[in-house]
Every structure is written in C-alpha cells, then in structure tokens.
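Nothing in this text is a laboratory measurement; each read-out follows from the coordinates by a stated rule. Here the structure is a predicted model, which means the values were calculated and not measured. Backbone-built Cβ (ideal geometry, glycine too); neighbour counts: all protein chains shown.
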Amino acid sequence: MSTSRPYDALRGFIASARQMVAFTGAGISAESGIPTYRGDDGLWNKYDPARFANIDNFFSDPEYYWSFFKEVRYPAISQAVPNRAHTALAQLEQKGALKAVITQNIDGLQQAAGSQKVLELHGNTRRIICLQCRQHQTMEAVHQRLATELPPKCPACGGTLKPDVVFFGEALPMDVMKDALAASQTCDLFLVVGSSLVVQPAAGLPLVANRNGARVVIINRDSTPLDRIADLVFHEPASEVLSAVV
Ligand SMILES: [Zn+2]
C-alpha cells in the first residue's frame, strides 16, 4: 500500500466525506480491455465511430451498426470483467461512503462489480430495446440471432431493435441527467475516475460540484481541462489509486 502524501490526502478526503459521488468515463473500463473511441485499437479502426455511433446512420444503414456490434462491440463487452477500480467503487458504496456513480460508460461493468446506484448518462449496451413494443432483450439473445438475421428484428412484433444507448445526435436521458446534476450539486466530494472531461454536458458536472463547495479529485491517465480546479490530481491508472486508498 502506498503511503505517499497524495494517497494519504485522498484517504482523508474519503474518510471525512458525507456525500461522495464518483464520475466515471472510458478510462476506468480501458483497464478492463474495452477500447475507447479515441483509442487506436486496431479492431476499432475497421469501423468509423462517426458512422456506427450516429443515430441517423443507425436508421439509414442498420446493417453497419449491427456488423460493428457483432464483430467488435459484443466481443469486447461480453469478455470484459470489472477491474480493481470498479470493485473499489462498489466497496465504497457498500460501506455507505459513496452515494452514486455517474457514468458515461455503456458497458455495465459498475453493476457487474456490485454497484447499485449507477446513473447511466449514455445508457447501457447490454440492453436492447424494441422501438415498437418497448420489450427489452439481452445483448446475448440478440447476438445469437445475428448469424442469420442482419439487422435483427424484435422476435415479439418484428419491430426495429436498438441498443439502449445514446447515439451521437440524440439527447441524454433527461431524468438521469437531472439526478446526476442533483447529485453533483449536493455532494461534498466529487471523484472523477477515468474521464478526460471533454464530452459535454457531462464534463461540466465537476464544475457544478466545485461551485457548490465540494472537493474535486481527478484520477485520469492524461491531464484534463479541469485539473486546475481540482483539490487533488492523479495521472495514474485508476485501479492503482483506488485499490490503494479503499
Ligand atoms: Zn417488439
């Protein structure tokens, strides 16, 4: 266990916090092998995020999205397991220290690690929803049918299936954003874990917390635009920082 001063300071912040929230981004799941849009992983180069993640393209060319899902998204998500950073956040919640995790990730790894209160700003790719009858299906069930059915249709009504995620060109779910904003306004410790804080409006949440008097701690591999307002900054892997202090 590290005993360096920043680690001690973070332990102190966590111990004295009454309302802590965590905000997670792609960086936390990168350690579980899930590539980011901005990464340069070879598999993902075959598919263009501007196409597979765009809502207009999803409706005009669904085969493109579902081919991407079949070849890249599904294998990445189904094989990924939570890492020590996900587990540490779940433990903090179990101890009563962490009130909520706000996440930009769509991989469901926070819940897989045991987190209960997860505000998913961009949805969850493990849920597939029928746009006609609103029935939900698991990604496993849909993936099985992709061998013979591309794009897949709802088995109940034949309707269009869509992953329950926010595409480029779609608004964030308003109820979730409202809860995330409220959590940011009322917390006294705001922990950024693995986000480069560039995707708005979510990236503004640490500022909201800061303006309401909360401490802000940023754990991210690279520097972020909000490092200057943070009380503590760690440019280290989240799994190392969190497993050392929890
Ligand atoms: Zn249906």
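Numbers below:
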quantity	calculated
Given Lys70/Lys178; Lys95/Lys178; Lys117/Lys178; Lys99/Lys178; Lys46/Lys70; Lys117/Lys153, the pairs whose alpha carbons are separated by over 23 Å	Lys70/Lys178; Lys95/Lys178; Lys117/Lys153
Two-decimal Rg to Rh for the range 46-155 - Kirkwood Rh, Cα set	1.02
Förster radius 30 Å - calculated FRET efficiency between Asp56 and Asn212, Cβ distance, rounded to 0.05	0.20
Kirkwood Rh in Å, taken over all unlike Cα pairs in the chain	18.8
Packing-based order for 121-128, 62-69, using average beta carbon neighbours within 10 Å, highest first	121-128, 62-69
Inter-label distance, nm, simple model (7 Å from Cα along the C-beta direction), Ala141/Lys95	3.9
Sites Glu149 and Asp222, calculated FRET efficiency, Cβ-Cβ separation with R0 51 Å, nearest 0.05	0.80
Rg(Cα) / (2.2 N^0.38 Å) computed for the range 101-246, rounded to two decimals	1.24
Long-range amide H partners of Asn124 with built H, under 5 Å	Asp164, Val165
